[in-house]
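Worksheet: one structure, shown below.
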Amino acid sequence: MLDVLHRGQVALRIHDGAFSGMDLTARHPRTGELLSTVQFMVQTLAAAGELQRDLQRELTYDGLRAAEAKGNKGGRRPAVPADKTADVRTAYLEGRSIAALAREHDVSRGDIRTAVADLLPEYTAVDQDAPAPELPVLLDQHGTPSRHMRLQY
């Protein structure tokens, strides 16, 4: 990536913090290669960022597991309470409109749709034993590096 920045004559500098003023695109005046200190700093900063991301992910999973062990369920609470969900579903099956149910229960139409999602006409049951369809995977990065990084499996 630093080579792409160099070819485009773009400088990458850190403006704030402990490494402020450091030019991460500095090259040796005779050879034109990246300075070894620059390579070291870029690799160190990338490793520190990766470590931070991994630690954050681990702490998040640990917190979710601890909450689950206490009996807490993750995610947002449903807008339609569990004791009213059966009434909403029954009313929908009897022909009440989603808008009327939303007005009656003082929630949005989307909340009613969530409560009756499996009853909606567009709902299609998924056979758990059916193999997943094979779809092509396209990995693409936009911009200048995309010419070098495009892969298709």
* Structure fact -> Expressed in square angstrom to the nearest 10, the accessible area of Ser108 with a 1.4 Å probe stands at 60
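So between Ala18 and Leu45, what do we pick up on full extension, going 0.36 nm a residue minus the alpha carbon distance? Write down the numbers at each step before the final one.
Details: separation 27, 0.36 × 27 = 9.72 nm, distance 1.19 nm.
Extending this stretch completely gives an extra 8.5 nm.
Which trypsin sites (Lys or Arg not before Pro) from the stretch 53-129 combine a DSSP loop assignment with at most 12 other Cβ atoms within 10 Å? Don't skip to the end; give the middle numbers.
On the way: sites: Arg53, Arg57, Arg65, Lys70, Lys73, Arg76, Lys84, Arg89, Arg96, Arg103, Arg109, Arg113; in loops: Lys70, Lys73, Arg76, Arg96.
Sparse-neighbourhood loop trypsin sites (Lys or Arg not before Pro): Lys70, Lys73, Arg76.
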* Asked: Quick one: if you stick a label point 7 Å off each Cα along the C-beta vector at Ser108 and Leu64, how many nm between them?
  -> 2.3
* To do: Could you work out how far apart the two model spin labels at Asp87 and Ala99 are, taking each label as a point 7 Å from the Cα in the direction of the beta carbon, and quote it in nm?
  => 2.3
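The values are calculated or read from the model by the stated rules, or taken from the named source; none is laboratory data. These numbers come from a predicted model, not from an experiment. In this analysis, Cβ positions are derived from the backbone assuming ideal geometry, glycine residues included, and neighbour counts consider all displayed protein chains. Keep in mind that these areas ignore ligands, DNA and RNA; they rest on the heavy atoms of the full protein, side chains included. Shrake-Rupley method; radii C 1.70, N 1.55, O 1.52, S 1.80 Å.
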